[in-house]
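Colleague: Would you mind keeping the following structure in view while I ask a few things?
The values are calculated or read from the model by the stated rules, or taken from the named source; none is laboratory data. Computed from a predicted structure; not experimentally measured. Backbone-built Cβ (ideal geometry, glycine too); neighbour counts: all protein chains shown. We work out accessible area using only protein heavy atoms, side chains counted, and drop any ligands, DNA or RNA first. Shrake-Rupley method; radii C 1.70, N 1.55, O 1.52, S 1.80 Å.
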Amino acid sequence: MKRVGMLTSGGDCQALNATMRGVAKGLYRAFPDEVEIIGFEDGYRGLIYGDYRQMKPRDFSGILTRGGTILGTSRQPFKLMRVPDENGLDKVEAMKQTYRKLKLDCLVVLGGNGSQKTANLLREEGLNIVSLPKTIDNDLWGTDMTFGFQSAVNVATNAIDCIHTTAASHGRVFIVEIMGHKVGWLTLYAGVAGGADIILLPEIPYDIDVVVNALKQRQKKGKRFSIIAVAEGAISKEDAKLSKKELKEKKKAGMVYPSVAYEIGAQITERTGQEVRVTVPGHMQRGGEPCPYDRALATRLGAYASKLIAKEEYGYMVAVKNNDLAKVPLEEVAGKLKTVDPKCPMIAEAKAIGICFGDK
């Protein structure tokens, strides 16, 4: 009997259920009546505290189009994994004990950056791990695409689309703040797809004077409105020169605006007198049903993971490489971010049609 554990960790996103379905269907086909799937509730928390349930084939039926995760999730910061909990429990040891108590042959982890680091930690501790690349940020090293990303792009793009009509009616500047603290893939794709005039990313520190000048140039051309797509983690050139400690202290001392979008909006109004409105789609970008692309991708990733388990090839994350699937060693993935290269072709092409990135 093959016993496989499964958990979804970190922030939720679309296609988590679709991916688990892919894994399960692949396993049930590879091991007819000879596989048991154990689902851990609320991510690594369930593995730590032994909160789990045995899953049946019916649990994976009808969930291809369902958003969120049927197992629940929670954030368990990697930096705290070696820190005992409030009762002195060794979390890493507890996870190993749960794994061994249930006599698991493998643990399947669906998660983003921090989750992959913990998955690799468990691999180093001797557990058999297969992981899958989940995040709306598309920032996982080693894979061209993560499931959840395209669905989030659709939501964020739709938000920009909706703003276009009201922006045109009122002749205002609208700022749409897109998720992405450290990496700007989501803002880049949604901004280009939504026809944003200015796109500000964490990887390209902006000059507010450049942003204002771009808005003035649009006004001179008779444009009634402008739309700016701003990543949560967008940063000015001045702030980019500060150390992490200095930046933290600056933000703490001058916490005037709820986010960077509002700060940029205030600066634009001060310099131009234009009316500015800020829209924050927020967690809508992680919600709703997965788009068809993500459903197909999730199914492929899940099926590939089931093949690795059948062949007992552990210690890998399933990745997308040139639209094909591949296995990438977890130690190569853990702790690395896939950021937007400011010189990448997509940005060059966006600049070629007149999109401003606030740098020049």
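Colleague: If you take the residues in the stretch 244-260 that are small (Gly, Ala, Ser) and open to solvent by less than 50 Å² (accessible area, probe 1.4 Å), which one is nearest to LEU186 (Cα to Cα)?
Modeller: Step by step, filter the stretch 244-260, then rank; the result is SER259.
Colleague: Given the criteria in a helix (DSSP H, G or I), modelled with pLDDT of 95 or more and open to solvent by 10 Å² or more (accessible area, probe 1.4 Å), does GLY26 qualify?
Modeller: yes
Colleague: Still on this structure, please answer the following. From the residues in the stretch 272-317 that are acidic (Asp, Glu) and over 20 Å from the mean Cα position of the chain (by Cα), which one is farthest from LEU330 (Cα to Cα)?
Modeller: GLU275
Colleague: Do we have GLY10 as more than 25 Å from LYS311 (Cα to Cα), in contact (Cβ under 8 Å) with a residue 40 or more places away in the chain and not aliphatic (A, V, I, L, M) here?
Modeller: The answer is yes for GLY10.
Colleague: Go through ALA303, ALA298 for me and flag whichever is open to solvent by less than 10 Å² (accessible area, probe 1.4 Å), under 25 Å from GLN14 (Cα atoms) and in a helix (DSSP H, G or I).
Modeller: ALA298
Colleague: Tell me, which residue of the stretch 177-202 that is within 18 Å of the chain's Cα centre (by Cα) and among the β-branched types (Val, Ile, Thr) is surrounded by the fewest Cβ atoms within 10 Å (Cβ to Cβ)?
Modeller: VAL183
Colleague: Name the single residue that is farthest from GLY11 (Cα to Cα) among those in the stretch 73-84 being assigned to a loop (DSSP other than H, G, I, E, B), touching a residue at least 12 places away in the same chain (Cβ under 8 Å) and open to solvent by less than 80 Å² (accessible area, probe 1.4 Å).
Modeller: MET81
Colleague: Here's something else I'd like to know. Pick from the stretch 275-295 the residues that are in a loop (DSSP other than H, G, I, E, B) and farther than 17 Å from THR19 by Cα: which of them is least open to solvent (accessible area, probe 1.4 Å)?
Modeller: Only one residue fits best here, namely PRO281.
Colleague: If you don't mind, another one. If a residue must be in contact (Cβ under 8 Å) with a residue 24 or more places away in the chain and either open to solvent by less than 80 Å² (accessible area, probe 1.4 Å) or touching a strand residue (DSSP E or B) at 6+ places or on another chain (Cβ under 7 Å) (or both), how many such residues does the stretch 31-56 contain?
Modeller: The total comes to 18.
Colleague: One residue is enough: does the stretch 127-148 have a residue meeting the conditions among the small types (Gly, Ala, Ser), open to solvent by less than 20 Å² (accessible area, probe 1.4 Å), on the phi > 0 side of the Ramachandran plot and in contact (Cβ under 8 Å) with a residue 24 or more places away in the chain?
Modeller: Scanning the stretch 127-148 turns up at least one residue that is among the small types (Gly, Ala, Ser), open to solvent by less than 20 Å² (accessible area, probe 1.4 Å), on the phi > 0 side of the Ramachandran plot and in contact (Cβ under 8 Å) with a residue 24 or more places away in the chain.
Colleague: I'm checking my understanding of the structure. Among residues of the stretch 217-240 that are surrounded by fewer than 18 Cβ atoms within 10 Å (Cβ to Cβ) and in contact with a helix residue (DSSP H, G or I) (Cβ under 7 Å, 6 or more places away or on another chain), which one is farthest from TRP185 (Cα to Cα)?
Modeller: ARG224
Colleague: Give me the residue from the stretch 309-360 that is of a type in the set (Phe, Trp, Tyr) and closer than 28 Å to ILE37 by Cα and, out of that set, surrounded by the most Cβ atoms within 10 Å (Cβ to Cβ).
Modeller: Step by step, filter the stretch 309-360, then rank; the result is TYR316.
Colleague: Now a separate question. Collect the residues in the stretch 85-121 that are among the acidic types (Asp, Glu) and outside any loop (DSSP other than H, G, I, E, B), keeping them in residue-number order.
Modeller: GLU93
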